[in-house]
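Engineer: Structure below; questions to follow.
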Amino acid sequence: MRLKFVQNAIDTIRGKRKSKHFQKFKKNIEDYLILKDKSLDIEIPNDLILHLGFNANCNCRCKFCSQGDQRFIKKELINQDLLYKYLLPLYPKTKFLIPTQGEITCVSEGYDYLKWINENYPQINISIESNGIAFNEKWQDLAVKNLMNVHFSVNAINNETFLRTVWGDVGGEKVFEKIEKNITGYIQKLKTKGLDAFIPSVSCVLNSTNYYETVQFIEKMLEWGANKIILYFDTRENDVRGKGTIKDKDGFMFAINSLIELEKLLSGKVYLDFKLFMPYDNVESIEKKVEAISLDELKNKYPKIYELSKDKNYENIHEERNKARKESGKIEISETEEKHYTYKTSKVNNKTLVCYNPWNCIRIRANGCINVCGWRGYSEEFKIQDFIKNGKINWNDIFNGAYYKKLRKNFLNGDYSGCMHNCPGIPRK
């Protein structure tokens, strides 16, 4: 009889552990304990990275976009009081402001906001990503004046490839011409001002429709003067953990071989990045083969790319950018931040190398959801609206709240569970 009672009690506890009430009770206990640990508290940093999901809308129709059609149907903007009222205590501490999530250039409020930031907080480095469609002369002039870090998702080398690879709707016949006109117009404005170092970075999504145009894309971007080129492998077609199938394996192998060879040829001259979403787990074998190829062989194989890049020096470009920033009153940034301004890796207590985002970064989506970066999932239970009290936000409640402190503790212990496996901010052995 006693054994049966004990077994029933065990079964009851097990059942409760699976219930929502038990999980909430457990979370409350964990939150209480982490909040009591003052060793994890911080002052709000003076090198803040502020990601704002300004809007959830877009004016492009990319076939490979994972956001769905909702971004075309309704206008969803971040709370304007947040921008012009609640964030005021953070702006003087902000090193990077990164509007993200949607295409900020397709809403008039985006221009007004960044113009206001430029006028009131000129020390902040603004980094925007755009498809270029609405990057008109007004936006170009603002970007030049502010020394913005601008990145363009170009994704094509001409109108024909744009329609084949990118545009997933009717009416796109003249879109790439508009994109190219806007980007090259902006580059010319930078050159006129002697700001060649701020020529925008560019990227392209690679998949079975354009693998064999990889080299031509890099050539075209170098003709534009690009110093930073990023290639992403389409996550719809491939398993980015390198465990599954690859659509058009022959095309992929052509692209990856070309990129590894060009990485060697362009080393120190142009920052070429293509390993973020890698659907292949045997890259090292290709790299070893490329190591045996001499630079002269690569120069002969890619003569146009060599000619376009031979006088470039990425370190010098970074120094030129910082010189211009200093002269205009902006905060200088490191070369690592120049390459990857969405995260920072640093030492805490002078001993442990960790992703620094739970210390100095906050990301707020248009719907109010909060996170430390874009490399983790969001929770509807962690929203900026819940922290607005008496017409203001106590930001200490967020930075020293349970969510941030848990992540700081986890990261210090080497626990990056919940982060995307390929996040470049995770320290590698």
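Engineer: Can you grab the distance from the C-alpha centre of the range 108-136 to the C-alpha centre of the range 143-178, Å, no decimals?
Structural biologist: 19 Å
Engineer: Tabulate in residue order the Karplus-calculated ³J(HN,Hα) for the range 88-93, using 6.51 cos²θ - 1.76 cosθ + 1.60 with θ = phi - 60°, rounded to whole Hz; enter x for Gly and Pro.
Structural biologist: Values, residue by residue: 3, x, 8, 4, x, 9 Hz.
Engineer: Could you list which residues have their amide H under 5 Å from that of CYS419, counting only those 5 or more apart in sequence or on another chain, with H placed in the peptide plane?
Structural biologist: Residues meeting the criterion, in which the H sits 1.01 Å from N, do not exist here.
Engineer: Under the Cβ-under-4.7 Å rule, which cysteines of the chain stay unpaired?
Structural biologist: CYS58, CYS60, CYS106, CYS204, CYS355, CYS361, CYS369, CYS373, CYS419, CYS423
Engineer: What number, in percent, do you get for the relative contact order of the range 255-332 if the mean sequence gap of Cα pairs under 8 Å and at least 6 apart is divided by its residue count?
Structural biologist: 40 percent
Engineer: Under the rule of at least 5 residues apart or a separate chain, name every residue whose amide H is placed under 5 Å from the amide H of SER130.
Structural biologist: Distant-sequence amide H within range of SER130: HIS151, PHE152, SER153.
Engineer: Additional query: Going by amide H atoms built from the backbone, whose H comes under 5 Å of the H on PHE135, apart from near neighbours?
Structural biologist: none
Engineer: Using the Karplus equation 6.51 cos²θ - 1.76 cosθ + 1.60 (θ = phi - 60°), what ³J(HN,Hα) coupling, rounded to whole Hz, does each residue of the range 111-120 give in order, writing x for Gly and Pro?
Structural biologist: Working through the residues one at a time gives 5, 4, 5, 5, 5, 5, 4, 4, 6, 9 Hz.
Engineer: Additional query: Let a ≥ b ≥ c be the square roots of the eigenvalues of the Cα gyration tensor of the range 314-429; is it rounded (a/c under 1.5), or, if not, prolate (a/b larger than b/c) or oblate?
Structural biologist: Since a/c reaches 1.5 but b/c is at least a/b, the shape of the range 314-429 is classed as oblate.
Engineer: Please compare each pair in LYS275/LYS304; LYS191/LYS304; LYS191/LYS264; LYS228/LYS249; LYS326/LYS389 to a cut-off of 30 Å on the Cα-Cα distance and tell me which ones are over it.
Structural biologist: With Cα atoms farther than 30 Å apart: LYS326/LYS389.
Engineer: Angle between the Cα long axis of helix 249-266 and the longest principal axis of the chain, 0 to 90 degrees, nearest 10?
Structural biologist: Around 80 degrees separate the two axes.
Engineer: Which of the trypsin sites (Lys or Arg not before Pro) found in the range 277-336 are in a DSSP loop and have at most 13 neighbouring Cβ atoms, other than their own, within 10 Å?
Structural biologist: Filter output for the range 277-336: LYS310.
Engineer: By the gyration tensor of its Cα atoms, with a ≥ b ≥ c the square roots of the eigenvalues, what is the shape of the range 145-210: rounded for a/c under 1.5, prolate for a/b over b/c, or oblate?
Structural biologist: Numbers: a/c = 3.02, a/b = 2.03, b/c = 1.49.
Since a/c reaches 1.5 and a/b is larger than b/c, the shape of the range 145-210 is classed as prolate.
Engineer: Further question: Measuring from centroid to centroid over Cα atoms, what is the spacing of the range 355-411 and the range 287-336 in Å?
Structural biologist: Taking the Cα centre of each part, the range 355-411 and the range 287-336 sit 36 Å apart.
Engineer: Mind checking the dipole of the range 342-412: about its Cα centre, +1 per Lys or Arg Cβ, -1 per Asp or Glu Cβ, Debye to the nearest 20?
Structural biologist: 300 debye
Read the figures in this text as sums done on the coordinates, not as results from a lab. Not measured: the values here are computed from a predicted model. Positions of Cβ are generated from backbone atoms using ideal geometry, with glycine treated the same way; all protein chains shown enter the neighbour counts.
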